[in-house]
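What follows draws every value from the coordinates through simple rules; no lab data is involved. Here the structure is a predicted model, which means the values were calculated and not measured. Here the Cβ positions follow ideal geometry from the backbone for every residue, glycine too, while neighbour counts run over all protein chains shown.
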């Protein structure tokens, strides 16, 4: 195939390496807005979601573990280009606009990679919550946020109450994660 | 006047204080995308633009200095809510969308302050480049970027060439700033 | 005029750019003394004072807004050379010595800029509290300190009580700022 | 099953959350030894390996993508307890000792999780390079190191030559990754 | 003497300079494991121990002050190569292994310096607690940990209770330090 | 004895602990002025001087090693109160004023400690360069600066040439340190 000659592939992969390096530096900006001076990077957060996904996969033997992990890894990859837009920014942009920009970002990062169309498809599956695997990653994205909020509270921050608002709602599809949320909440 | 009873004002000003504290922590994200691990904040950049504006005001005695300074201080204030969107994000969002979100952000931060309508008007003047004062601040926003790029290059970074692309174009209205850009470029 | 030929001006302005870059990195050292590992820069603080000045200018229509903003921007500019001397250092140096060094520092940074004599005059006006505008900036310097102390307390710090000592005294000339101080105090 | 009653699981998963938060803060210490003041975390590195694994999986259709991703995510997870031991530390400890400690660390983190035995098995597979999937992750661990070294060199660091020593050897099993290494090397 | 010809000495001392620069960057990793994002370096900790040693030397006129200070300065110097192994890592490695690696690390750093054998001997004396001076430094290593834990607690951290466990035991040989520990504990 | 009753001593030592914690956070400000975003602390620098002093003591058997180490540890201790004044600040303050403030700072930190008068005397000896031991520490203070400048240059910084100006002058009393300076210079 012409398109993915090895030279092209190496160049595209090197570009991905650059974007990974950027995701290691870009902060999750909601934490900055609450006074955390040196917050986790987007890369670190995505690692957290993916590692939790691996850990809970054993609770959901009916789900495809490889698919779960792939979804976790692609879910924020476009933020290398778009940066992490906190809720205040999402409200200003409007949901439709934000979703469209995220779609473009994910495509820009993923589409030229080997099996790029497949990876873009995974991202779209995540976005749409089209499968149980995708919805699991969305739930774990929430869990990871609560876990990190807890860690920052234990490090002293007193600004994070809003992250816990309605922490106990929305776990119908994955009650085990609701129990984990409760466990995290109990440790505050 | 009902609207700005003192209690309301204090509460609105305290909210501004929160947003200022956020602007001290939010990074200028373009630097992060080029490997600068602990870049300047939006607040620090805005300070740079405003201080340069004060310094060059003496070169432009026909311009209104107070207006210049006010424009410099409002120009990025909405980023407390929107965060700093780097060029890659602007390209994904589209210029119209970004401008509209910035307008909403500036209004959200400024409109409830004392003389809020006036401050929102200043922001709109800046955005539109409607006056020579506004265009001066846009030019200084560029100068400040070049000056900080120079500082980061002297601190070692080798990733910043694109900030200097066409550094010498676009100074027709303020040739003195073109000379300053040349001086900065000569120091690389 | 010979002195400010454009070449000289560009060189002087480039030097100011260097000093601005320094002010973005130099910390407000009192925070470090209280255990805040990555505190705001002097540039960020000055931005806070200037932005508050813009916001409260609407409360004081009898004052010259342009003058207020200029005073805010020059008030700490000499710290690029002198650094931020915390109270413990001021006590060791003695007030006279500190004031004299600050005067020299402001002159060193400002005097060669376009309209430099005017800028040095603004700094002296601030230092002396010679006008109501100057005293307003002194009051806002205090407000900004309280606001940032509040932000650090919400981020967890428990070392900042002394910043609040006599928070409610000294607002006679600007009672609206006393109300703002009360509002900030109430949010602790 | 008694062992993994939900309560136990939640508690074990909350402990994993703590360890993930630690991995976000623990640095890759080799960078610190070369003067990089604020280096990537272990979590960020692992994210890089896993994301690269997802990207290159398309080049190796004969390999099990889910397995590859799981191996990437477990490969450094024990460092939450052991920390990242740089080469100088490995030399002092001796390889056998280090391997044994890493095995214990991985077991401590993984064994109590749902399907813990399976996860420990994945780690052992990685350690032993027992499968082509495991060897791919070892190769990607090298690639990720080179890519990050390149990023730090572009940010200015001049201390990283030794990371590139013999960069072109050892890619026999995955020549496509050798080409990627060459591409990264060419960008220095 | 051949061995320490001046050229060799300069080269060995320059190497020590490199290791000192590393110790300024390497963190005390136990703090990272408890959520402190930018903790003290090993160099800073060793400075604390040595400075405390100087301060308390006046309480122990029967001890050799020069010996005390030298012991404080060598006690962690090998961590430039080994890094700071937190308790979790020590437990995984086993005490014997850790001690042996520390011995090798101290030798690697110290043995080639002027009077290197003497310096290695000091390190061994510290390790063994062979003299009262060595045991004093071990006690001060504990004090310094408590003092820094107190500082981090005042900066907001709520994760440090375990450092205070049995804070009041083990001061039999140096009851004055037990009083200091009590004073620190009283300030929590 | 009244003065140093144990309770007083514990309280004074706890205060020293606070000042040590401050010295771990206060930066060496000259580095900040040259664009190093996260520079070494004063504590880390003092550790470097003291550790170098221990290392070179073997070259100067006629000197009192314990005295050398004590001088190294007290030489910057007053900066907990005064902060690190870079050369630009020293020039603004004048040498006499700076020296007097440093004397007061050292007294404030040291005089109430056990054997406080002795410690203050050590500081005065250092300041005056009254002994060969004191002059050795002054020379090592210079060496440590060069060594750290070298480390920052290797990390990328290109702003540090002035630190090397006349690096080869002033080593008459300690030619071995001149050789070390030459070795460091050769490694740039």
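Here the translational diffusion coefficient of the range A:1-119 follows from Stokes-Einstein with Rh set to the Kirkwood radius across Cα pairs; for 10 °C and 1.306 mPa s it amounts to 100 µm²/s.
So how tilted is helix B:6-25 from the main axis of chain B? Cα-based, degrees 0 to 90, rounded to 10. Between helix and principal axis, roughly 20 degrees.
For chain D, adding -39500 (n - 2.57) for each run of n ≥ 4 DSSP H residues and dividing by the number of residues yields -21000 deg cm²/dmol at 222 nm. If R0 equals 56 Å, the separation of the Cβ atoms of residue E:173 and residue D:127 corresponds to a calculated FRET efficiency of about 0.80. Sorted largest first, the spans of the alpha carbon positions of the range C:36-188 along the three principal axes are 43, 39, 25 Å. Between the range D:101-149 and the range A:47-93, what is the C-alpha centre distance in whole Å? After rounding, the separation between the Cα centres reads 21 Å. Computed from Cα atoms, the angle from the helix E:175-186 axis to the main principal axis of chain E rounds to 50 degrees.
In terms of the mean number of neighbouring beta-carbon atoms within 10 Å, the peptides D:167-179, E:32-44 order highest first as E:32-44, D:167-179.
Seen against the Cα atoms of chain C and their longest principal axis, helix C:116-128 is set at about 30 degrees. When the alpha carbon gyration tensor of the range C:24-64 is reduced to an equivalent ellipsoid, the three semi-axes, largest first, read 29, 10, 7 Å.
If the Kirkwood radius is taken over C-alpha pairs of the range A:145-188, then at 37 °C and 0.692 mPa s the Stokes-Einstein diffusion coefficient equals 306 µm²/s.
Derived from the Cα gyration tensor, the three semi-axes of the equivalent ellipsoid of the protein assembly as shown are 42, 42, 29 Å, largest first. Once divided by 2.2 N^0.38 Å, the Cα radius of gyration of the range E:52-115 becomes 1.36. In vacuo Debye scattering of the range F:8-76, one point per C-alpha: log10 I(q)/I(0) at q = 0.15, 0.19, 0.28 Å⁻¹? Result of the Debye calculation: -0.63, -0.84, -1.11. Counting Cβ atoms of other protein chains within 10 Å of each Cβ in B:117-127 and taking the mean gives 1. Projecting the alpha carbon convex hull of the range D:103-188 along each direction and taking the average yields 7.0 nm². In percent, rounded to a whole number, the relative contact order of chain E is 20, using alpha-carbon pairs under 8 Å and six or more apart. Take each residue in C:138-150, count the other chain C-beta atoms within 10 Å of its C-beta, and the mean is 2. Across peptide D:82-91, the mean count of Cβ atoms from other chains lying within 10 Å of each residue's own Cβ comes to 6.
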